[in-house]
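Undergrad: Quick one: structure below, then a few questions.
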Amino acid sequence: MKDGELWRGRSPIFFAAQIRAPLCMLGGENDITCPAEEIQQMADAVRRTGGLVESRSTRMKAMSLHAEKTKSMLKRRVAEFLLEHVRKKKLT
C-alpha cells in the first residue's frame, strides 16, 4: 500500500459525506495537533455534503484540556450544542 492510499483511508476528510449527526468542532488557532485550517477544511467538507457543523477556534496556543478556563469554555459550548441540536431532534 502506498502512502497516499494509507492517508486517504485514514483521513476523516474523505469520510465527510458519511457524517449524519450534527458535528461540533472546537480547536485552537495555533494548535499543531489539529490546526485551525484543518478544522475549517473538515467543516467545509461536511457542509458541502449537506451536513450540519459548527466549528470554532480559540486564540489560545493549543486546546489544552488542562487549563480550567479552557475546560469551562469547552463544557459550556458542548452543552449548548447538544441542547440545541440533540434535544431538539429528540423532542420532534
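Undergrad: Can residue 17 be described as under 23 Å from residue 85 (Cα atoms), among the aliphatic types (A, V, I, L, M) and part of a helix (DSSP H, G or I)?
TA: yes
Undergrad: Test residue 47 against the stated conditions and say whether it is within 30 Å of residue 87 (Cα to Cα), at pLDDT 85 or above and not in a helix (DSSP H, G or I). Break it down into steps so the answer makes sense when it comes.
TA: Details: within 30 Å of residue 87 (Cα to Cα): yes; at pLDDT 85 or above: yes; not in a helix (DSSP H, G or I): no.
Judged against the criteria, residue 47 is not a match.
Undergrad: I would also like to ask the following. Looking only at residues in the stretch 52-73 that are crowded, with 16+ Cβ neighbours inside 10 Å and within 12 Å of the chain's Cα centre (by Cα), which one is modelled with the highest pLDDT?
TA: So the first thing to find is which residues in the stretch 52-73 are crowded, with 16+ Cβ neighbours inside 10 Å, and the list is 53, 55, 57-58, 60, 62-63, 70, 73.
Narrowing further to those that are within 12 Å of the chain's Cα centre (by Cα): 53, 55, 57.
Details: 53: 95, 55: 90, 57: 82.
Applying the filter and picking the extreme gives 53.
Undergrad: Return the pair list, or none, for Cβ contacts closer than 7 Å from residues in the stretch 26-45 that are without any contact (Cβ under 8 Å) to a residue 60 or more places away in the chain and surrounded by fewer than 17 Cβ atoms within 10 Å (Cβ to Cβ) to residues that are part of a helix (DSSP H, G or I) and of a type outside the set (Val, Ile, Thr), at least 6 apart or on different chains.
TA: From the stretch 26-45, the pairs are 29/36.
Undergrad: Scanning the stretch 1-25 for residues that are free of Cβ contacts under 8 Å to residues at least 12 places away in the same chain and of a type in the set (D, E, K, R), which turns out nearest to residue 74 (Cα to Cα)?
TA: 10
Undergrad: Quickly run through the stretch 10-44 and pick out the residues that are small (Gly, Ala, Ser) and at pLDDT 85 or above. Before the answer, list the steps.
TA: Going residue by residue through the stretch 10-44, those that are small (Gly, Ala, Ser) are 11, 16-17, 21, 27-28, 36, 43.
Residues satisfying the conditions are 11, 16, 17, 21, 36, 43.
The values are calculated or read from the model by the stated rules, or taken from the named source; none is laboratory data. Because the structure is a prediction, the values reported are computed rather than measured. Every residue, glycine among them, receives a Cβ derived from its backbone with ideal geometry; neighbour counts consider all protein chains shown.
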